[in-house]
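A quick write-up on the structure given underneath.
The values are calculated or read from the model by the stated rules, or taken from the named source; none is laboratory data. Bear in mind the structure is a predicted one, so any value in this text is a computation, not a measurement. Note that we place each Cβ from the backbone using ideal geometry, even for glycine, and neighbour counts take in every protein chain shown.
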Amino acid sequence: MQKLLVILGPTATGKSDLAVELAELFNGEVISADSRQVYRGLDIGTGKITREEMHGIRHHLLDIADPNDRFTVARWKAAAEEAVSDIAGRGKLPIICGGTGYYISALIEGIEFPEIETDAREQEELESKTAQDLYAELQSLDPRRAASMSKNGERTNRRRLARAILIARKLGAVPALSSDPLSKWKADATGPYDPVIIGLNIPDAELKARIRDRLIRRLDAGMIDEAVRLHENGLSFERMDELGLEYRYLAKLIRGDISRDELIETLSAKIWQYARRQRTWFKRDDRIAWFSPSDRSAIIESARRKLST
């Protein structure tokens with residue numbers, strides 16, 4: 001069974017830097033498991049690793065889609081499987097790195113996503129309902145997918161909710177991974193790979209500070225100009241809202257609805273809430289070995305030992 005090294009955890013914990021370091025040590029290449037870094041031009045706002053930061057390590061599944069495209073978990077999984085096969089076929093270690101738990105779960109558990117043709121009239125009928133009603137229906141059909149949706153983004157997006165419901169209806173009843181719908185991982189999962197999973201986590205106060213400091217650095221690095229450029233090149237404010245926290249609030253800033261200071265305060269708090277949801281998601285899986293990002297020697301030793309067994 002193919003070994004995978006998986007590096008996951010909440011945002012702002014230094015996953016990308018660790019992935020590069022371990023790729024250098026274990027002759028690996030990195031596969032990004034970030035639902036927004038697949039999009040071209042979403043660089044500063046998503047914290048996409050730069051060429052310089054890669055240190056010559058090849059990275060996969062970055063910049064592979066237009067931001068107006070809707071890149072699904074099914075497409076990501078298929079592309080990730082191809083990347084794993086390619087990397088392993090060249091005698092290297094595939095390293096999955098990111099914080100999008102639904103993507104990682106789909107890959108290492110081998111969740112299948114068959115092509116689904118949906119009816120336009122059915123979609124339109126669903127979209128006429130409230131987001132609250134749609135989300136409730138999705139919870140009953142596919143609790144795993146429902147729990148993966150962000151509260152202030154996907155859960156209020158009627159188009160995305162309707163699409164998820166139609167897929168769930170076509171597939172039939174989708175069982176929860178456990179009695180707790182927030183649990184994304186099977187403790188006894190037997191997927192197509194043998195994953196060695198490393199989780200990064202830091203204390204709350206430090207993580208809050210890192211989130212705020214990182215946001216300010218990104219703003220200083222040109223995050224607002226990036227959002228303006230994306231909008232001028234055809235990315236609508238509606239689509240920016242769908243693309244998640246940073247771009248949602250950057251759209252508000254560009255429209256003049258909020259100030260830079262208001263963006264920093266509000267967005268820092270929202271990203272912190274998102275980090276807590278990520279932590280809750282991942283901590284359901286007892287296969288993850290958790291470390292402080294600074295504890296490099298313990299991380300390396302754990303990875304080396306598990307990869308050799």
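If a residue has to be at pLDDT 95 or above and farther than 14 Å from D285 by Cα to count, how many in region 186-200 make the cut?
The total comes to 2.
If you go through region 36-57 one residue at a time, do you hit one that is touching an Asp or Glu at 6+ places or on another chain (Cβ under 6 Å) and small (G, A, S)?
Yes, region 36-57 has at least one match.
Among D241, D225, D286, which is the only one that is surrounded by fewer than 20 Cβ atoms within 10 Å (Cβ to Cβ) and without any contact (Cβ under 8 Å) to a residue 60 or more places away in the chain?
None of the others qualify; the one that does is D225.
Pairs under 9 Å by beta carbon, first residue more than 11 Å from L215 (Cα to Cα) in region 256-277, partner surrounded by fewer than 14 Cβ atoms within 10 Å (Cβ to Cβ) and at pLDDT 95 or above, six or more apart or different chains?
Correct list of pairs: W272/D204; R276/D204.
Which residues, counting only those in region 66-90, are outside any helix (DSSP H, G or I) and surrounded by fewer than 19 Cβ atoms within 10 Å (Cβ to Cβ)?
Residues satisfying the conditions are D66, N68, D69, R70, F71, T72, R90.
Would you confirm whether or not region 24-38 contains a residue that is surrounded by fewer than 23 Cβ atoms within 10 Å (Cβ to Cβ), without any contact (Cβ under 8 Å) to a residue 24 or more places away in the chain, over 17 Å from the mean Cα position of the chain (by Cα) and part of a loop (DSSP other than H, G, I, E, B)?
No, region 24-38 contains no residue that is surrounded by fewer than 23 Cβ atoms within 10 Å (Cβ to Cβ), without any contact (Cβ under 8 Å) to a residue 24 or more places away in the chain, over 17 Å from the mean Cα position of the chain (by Cα) and part of a loop (DSSP other than H, G, I, E, B).
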